[in-house]
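Here the structure comes first, spelled out in structure tokens, and everything after it is commentary.
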Amino acid sequence: MSSTRSFDGDVSSSSHRSIEYYDDSIHTNTVPSSPFNFLTPSQARTSTFSLDSSITTINNIKVICRFRPENELEINNGGKSIVDFPNSQTVTLHGKDYTGQYTFDRIFTPQSTQLDIYQFSIAETVDDLINGYNGTVLAYGQTGSGKSYTMLGGNNANSNFMNDPDSFGIAPRISHEIFERITANELESNEVEYTVEISFMEIYLEQIKDLIDTNNNEDFTIHEDKLNGVYVKGLTSKNVTNELELLDYLQNGLKYRSIASTQMNQESSRSHTIFHIKLTQKHVESETIKRSNLFLVDLAGSEKIDKTGAQGQSLQEAKKINSSLSALGNVINALTDGKSTHIPYRDSKLTRILQESIGGNSRTSLIINCSPSSFNELETLSTLRFGTRAKSIKNSAHVNTELSTASLKNKIMQLEKINQNNQAYIKQLEDELSSSRSESSPLMFSMVRTSTTSAATSIATKPSLATFQSRLPTMPSTASIISTSPSLKASNITLTEELDRRDKKIEDLENVILNLKMQNLKTAHQEESKLFSLENSLHNIGNKLNEVELINVNLRKHLLISEKIIESRDNKINKLKLALKDQQLLISRETLGFRNRLGEIQMKLEDLNKYKEEEMSIKRETLLLQRQQSVSSSKGAASSAATITPDASTDDVQSISEIKPDPELIDQSFDDLDHSKTLVNASSEQLKQALDDSTVQNGFSIYSSKKLDDLKPVNFQQEYISISEFLKESRRRSLLMAPPNISSASEVPSPKIPELDSSDTSGMFNDDSPPSSGGKSRKNRRHSSSSGLNLKIVKPLKSASSLGLFNS
Ligand SMILES: Nc1ncnc2c1ncn2[C@@H]1O[C@H](COP(=O)(O)OP(=O)(O)OP(=O)(O)O)[C@@H](O)[C@H]1O
């Protein structure tokens, strides 16, 4: 016969190791003979190889509530403890907004040790496993409430729980005890073979990941069949032969668990982990197999996003965690509201995988982890309500056996035998009944009928035939007494009728009371369901609000950044506009100045032209006069004398003989050459200066053309002539002008022109032959001495308009 355990909520009665809860000093002393002996005393739990899978035990989920000590964050935020514990099953919450009492199967205070939790609440799970029942231990609670600490242990629960054996949590203690029990049973008899298989997974962002083989990238799908229940296909499973091997896989898998640091927990688990231990026991003789599964579930913590400061990836994780925990809440709600026909197990991977654990074939313990601090009042309240709700979930667990063919045959034979016996028994009863009917009175008949009814009831409870037969001998004597007295018979009938009537009335009243009680219970249940559902919705709304709030905060940040960017851009645009304005102002100012200067130049050019015209006409007149004088003085020579008629029709035509190269001017020209670029670029000031200096005095400007190649073409009328050509021409003209027969130089003074080789003009203005009109320094002498010199003779400008210099 399988051992069953009580899940009636009375913890002290359910455990034979009952220790007074508040006496934390009481611990069992054991002599450590193995590295794990200090974990828990090895209890002599009897285990027979039960095969009776027909026995299904209905039990509520066992809810254990654990408060951890206050932490630094809570103290630093001015948190105060708001809980007290009137007894081992009750906690009173003295919140700011809410005060109330909550009752669970067991409550553990912040001072409770890991051993307390295991001994008084979880150890029975191993009994169940050995006896062939499925079991689940689930840790639930807000982030940082101590779920991983409770399930695994250690200060750094997620990765290094093995460091401190004293703080070992439930998983290592259970593993130790499983193997201890197996070893003990094997020592006792060798009729059962034991196999322990494990698998380890996490559900991260609603995706299943293999924590035994992290390279396993199967598309993990959830399946269900009669033999295995609900399981994940494709997960790696490993056979283990001792607890060290098992813990090695557990610890190794935890290294790959998704964790992150949040404001509430430095090593916050971002996934739900499920460690699965599968125990198979095979009876060597009968080949009957007993399979049982234990799921150790460390849920990710529910979190308020504003408190954890989750952002980016952590925010995505928090959303998924909260939504799968909401799905868990919805399943619990549907299981307990008394009216739901559909249980939404398939709403999340977590609830689907835990389907058997919540409302199915499992003996489940839920450990709700809480903070005692006012800093987490709302979260603690929500967790306590979750636990309260889960308390009323009913699971139906049975031993999972698989019979061998021989055992099945045996069982059929046994059942057939029982069936035959039952049929014989019924036949016997029927015979006895018919014989009694024939002899007895109506009263007798009534009594027999009553007896038959109780006999029928007895069939169900299998009373012995002897018990029934022992009653029969009394019947004839009673019947004979009654039948001998007619008055007694009549009054007896009346009394019987009265009794029947009263019985009926009592029965009716009892039914009414029962109905009322049922009604009350139902109403209370429905109210509770509604409350839970409302709380759940509130929780969901809270989560949504948190998310929206966070999105708002982010949007506000973005808005601020955008505003700053726009502001800085506006500033830049304004600066650019100002700079543009300055530039425009500068341009318009310069344009104005330029136009003014251009006007001045134009005026000067006009003046110059006028002056030149006047000068030309004077010169012409003088020339005419000279000719006339010469004609009259040479008398007769006039016919042979060459007459030069200047072409007065154009301004351009200049007699080269009129040109008197002035060294001063030429010097000046050299200076100007340096500014040639400026000239070309039409600097009005320099142009003006150049014109003033060169043109106005002599009617010609002579510039060195040495650098002309570098200059841009200039639009005003120019003629270039080499100095040798110039000299030749001058000589030629002076000869022409000179009277052929007059040799006296005193009469007609001809211009004195130096003889120069036209091919060599370099020495013209060298330092050894300074111009006679020296006095002015010639700083650009190098221009003329270093290379062949060409002179540029610039004709007087016709008019300002012909310049076209500033056309652009
Ligand atoms: N009962 C306790 N006694 C001492 N320290 C505890 C207890 N419970 C939790 N702690 C410490 O509190 C911290 C947070 O605990 P833990 O990581 O177990 O929380 P959690 O509920 O698993 O959080 P999360 O959901 O964010 O993963 C850890 O440093 C742990 O050691």
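Conditions (1) over 23 Å from GLU379 (Cα atoms); (2) buried (at least 23 other Cβ atoms within 10 Å of the Cβ); (3) among the hydrophobic types (A, V, I, L, M, F, W, C), marked per residue:
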{"site": "LEU247", "(1), (2), (3)": "yes, no, yes"}
{"site": "LEU254", "(1), (2), (3)": "yes, yes, yes"}
{"site": "SER261", "(1), (2), (3)": "no, no, no"}
{"site": "MET264", "(1), (2), (3)": "no, yes, yes"}
{"site": "SER268", "(1), (2), (3)": "no, yes, no"}
{"site": "ILE274", "(1), (2), (3)": "yes, yes, yes"}
{"site": "THR280", "(1), (2), (3)": "yes, no, no"}
{"site": "HIS283", "(1), (2), (3)": "yes, no, no"}
{"site": "SER286", "(1), (2), (3)": "yes, no, no"}
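Answer yes or no: is there a residue in the stretch 229-248 that is within 16 Å of the ligand (Cβ to nearest atom), outside any strand (DSSP E or B) and either under 28 Å from the mean Cα position of the chain (by Cα) or not assigned by the TED database to the domain that holds ASN376 (or both). No, because not a single residue in the stretch 229-248 is within 16 Å of the ligand (Cβ to nearest atom), outside any strand (DSSP E or B) and either under 28 Å from the mean Cα position of the chain (by Cα) or not assigned by the TED database to the domain that holds ASN376 (or both). Looking at this structure, is THR125 more than 15 Å from the ligand (Cβ to nearest atom), out of contact with any Phe, Trp or Tyr (no Cβ under 6 Å at 6 or more places or on another chain) and in the same structural domain as SER365 (by the TED database)? When the stated conditions are applied, THR125 passes them. Of everything listed in (1) in contact with a strand residue (DSSP E or B) (Cβ under 7 Å, 6 or more places away or on another chain); (2) small (Gly, Ala, Ser); (3) farther than 26 Å from LEU294 by Cα; (4) away from the ligand (no atom under 16 Å from the Cβ), the single unmet condition for GLY135 is (3). Identify the residue in the stretch 281-313 that is aliphatic (A, V, I, L, M) and part of a strand (DSSP E or B) and, among all such residues, is nearest to ARG363 (Cα to Cα). Filtering the stretch 281-313 for residues that are aliphatic (A, V, I, L, M) and part of a strand (DSSP E or B), the one nearest to ARG363 (Cα to Cα) comes out as LEU294.
The single condition from (1) within 27 Å of GLU527 (Cα to Cα); (2) in contact with a Lys or Arg (Cβ under 9 Å, 6 or more places away or on another chain); (3) not in a helix (DSSP H, G or I); (4) not aromatic (Phe, Trp, Tyr) that ALA397 fails is (1). Looking at the structure I just gave you, is TYR118 in contact (Cβ under 8 Å) with a residue 12 or more places away in the chain, hydroxyl-bearing (Ser, Thr, Tyr), in contact with a helix residue (DSSP H, G or I) (Cβ under 7 Å, 6 or more places away or on another chain) and within 15 Å of the ligand (Cβ to nearest atom)? Taking the combined requirement at face value, the residue satisfies it.
Annotation note: Cβ proximity below 7 Å between a residue of the stretch 273-289 that is within 19 Å of VAL230 (Cα to Cα) and touching a residue at least 60 places away in the same chain (Cβ under 8 Å) and a residue that is small (Gly, Ala, Ser) and part of a strand (DSSP E or B) (sequence gap 6+ or interchain) occurs for HIS276/SER199; LEU279/SER292.
Yes/no per residue for (1) closer than 17 Å to VAL297 by Cα; (2) in contact (Cβ under 8 Å) with a residue 12 or more places away in the chain:
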| site | (1), (2) |
| --- | --- |
| TYR204 | yes, yes |
| THR221 | no, yes |
| ASP225 | no, no |
| GLY234 | no, yes |
| GLY253 | yes, yes |
| ARG257 | yes, yes |
| SER261 | no, no |
| MET264 | no, yes |
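Residue-wise test of (1) more than 16 Å from the ligand (Cβ to nearest atom); (2) touching a strand residue (DSSP E or B) at 6+ places or on another chain (Cβ under 7 Å).
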residue	(1), (2)
PHE220	yes, yes
LEU227	yes, no
LEU254	no, no
LEU294	yes, yes
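Taking the conditions exactly as written (over 24 Å from the mean Cα position of the chain (by Cα), more than 16 Å from the ligand (Cβ to nearest atom), at pLDDT below 90 and buried (at least 19 other Cβ atoms within 10 Å of the Cβ)), does THR351 satisfy them or not?
Against the criterion (over 24 Å from the mean Cα position of the chain (by Cα), more than 16 Å from the ligand (Cβ to nearest atom), at pLDDT below 90 and buried (at least 19 other Cβ atoms within 10 Å of the Cβ)), THR351 does not qualify.
Might you let me know whether the stretch 146-157 holds any residue that is touching a residue at least 40 places away in the same chain (Cβ under 8 Å), closer than 27 Å to GLU267 by Cβ, surrounded by fewer than 18 Cβ atoms within 10 Å (Cβ to Cβ) and out of contact with any His (no Cβ under 7 Å at 6 or more places or on another chain)? Scanning the stretch 146-157 turns up at least one residue that is touching a residue at least 40 places away in the same chain (Cβ under 8 Å), closer than 27 Å to GLU267 by Cβ, surrounded by fewer than 18 Cβ atoms within 10 Å (Cβ to Cβ) and out of contact with any His (no Cβ under 7 Å at 6 or more places or on another chain). In the set (1) surrounded by fewer than 23 Cβ atoms within 10 Å (Cβ to Cβ); (2) within 15 Å of the ligand (Cβ to nearest atom), GLN316 fails one condition alone, (2). Does ARG627 satisfy being surrounded by 15 or more Cβ atoms within 10 Å (Cβ to Cβ) and free of Cβ contacts under 8 Å to residues at least 24 places away in the same chain? In short, yes.
Annotation: HIS342 fulfils all but one of (1) farther than 20 Å from ARG385 by Cα; (2) in contact (Cβ under 8 Å) with a residue 60 or more places away in the chain; the unmet one is (2).
The rows are residues; the columns are (1) acidic (Asp, Glu); (2) at pLDDT below 90.
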| site | (1), (2) |
| --- | --- |
| HIS16 | no, yes |
| PRO32 | no, yes |
| SER47 | no, yes |
| ILE55 | no, yes |
| SER81 | no, no |
| VAL91 | no, no |
| GLY95 | no, yes |
| ASP105 | yes, no |
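The condition (being within 16 Å of the ligand (Cβ to nearest atom) and closer than 22 Å to MET151 by Cα) is satisfied by just one residue among ILE212, ILE203: ILE203. From the list LYS339, LYS278, the lone residue that is closer than 29 Å to ILE61 by Cβ and not in a strand (DSSP E or B) is LYS339. Applying the set (1) out of contact with any His (no Cβ under 7 Å at 6 or more places or on another chain); (2) in a loop (DSSP other than H, G, I, E, B) to ARG352 leaves exactly one unmet item: (2).
The values are calculated or read from the model by the stated rules, or taken from the named source; none is laboratory data. Computed from a predicted model, the values in this text were never measured in an experiment. Every residue, glycine among them, receives a Cβ derived from its backbone with ideal geometry; neighbour counts consider all protein chains shown.
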